[in-house]
Amino acid sequence: MIAVNNYGWFEVTGPGLSVESCLTFVKGRTEDEVAKALGGSVVGRITGLEDLNEQTFSVAVTQLTGGALIVEQYSQLGTDEEILETLSQGTDVATVYHSENNDELFIWTKDGEIRVSFDFRNASWREGSDPDALLDVLRSMGFNLGPDDPDDPEYVFDEEASSRAFNLAEHVTGIRLTEAVLTTSHFSVVQVPALA
């Protein structure tokens, strides 16, 4: 069994990130490379994400060990197929999209191709060019692979699904998210034309 770190802090940290946010982990890329791939320009800097929602048509990007992290609140560029194709050329990208509308997603993109995409609350239905590529890892991390119908007697709501999704992002990119990253890291504010 693969060790799963607890990300329970995510539900209470930051300005509503658990309500709707898109965190995209880009292996081996710098902030500047990510801004360029997004077709954006750096328009400022912030420390932590408290002021992120005041940044119009922008995302926050920070450099972490192993690559870059893109944080969006109330937008979802990290789920856009064209954006992912560009960001993942020659590398791995993992997206963890949270939404209060029950359409949460984990996406793994490699070399311009979405390999695996699924609702991380229930991983039984997966899409992508190789939907079973991470199946052994999903099992080992304890993802819910059972029925996704709440009326099914065998249905199980996975309280730890968000933690599992962040652990899976770390597994495929090597980039670890911590509470300190979201509260004390310096982020470039990147204005992105696709959000205008």
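The values are calculated or read from the model by the stated rules, or taken from the named source; none is laboratory data. Source: prediction; values computed, not measured. FYI the Cβ positions are ideal-geometry reconstructions off the backbone, even for glycines, and counts take in every protein chain you see.
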| Which one is farthest from Leu182 (Cα to Cα) among residues in the stretch 47-83 that are acidic (Asp, Glu) and at pLDDT below 90? | Glu54
| task | Identify, from the list Glu160, Glu127, Glu104, the residue that is surrounded by fewer than 19 Cβ atoms within 10 Å (Cβ to Cβ) and either in contact with a Leu (Cβ under 8 Å, 6 or more places away or on another chain) or farther than 18 Å from Ile2 by Cα (or both). | result | Glu127
| query | How many residues, within the stretch 163-185, are basic (Lys, Arg), over 12 Å from Met141 (Cα atoms) and crowded, with 20+ Cβ neighbours inside 10 Å? | reply | 0
| task | Confirm whether Arg164 is in a loop (DSSP other than H, G, I, E, B) and not polar (S, T, N, Q). | result | no
| task | Run down Thr95, Thr86, Thr62, Thr24 and say which single residue is surrounded by fewer than 23 Cβ atoms within 10 Å (Cβ to Cβ) and either within 15 Å of the chain's Cα centre (by Cα) or in a loop (DSSP other than H, G, I, E, B) (or both). | result | Thr62
| request: Could you please let me know if Val34 is assigned to a strand (DSSP E or B), within 25 Å of Gln89 (Cα to Cα), touching a strand residue (DSSP E or B) at 6+ places or on another chain (Cβ under 9 Å) and among the β-branched types (Val, Ile, Thr)? | output: no
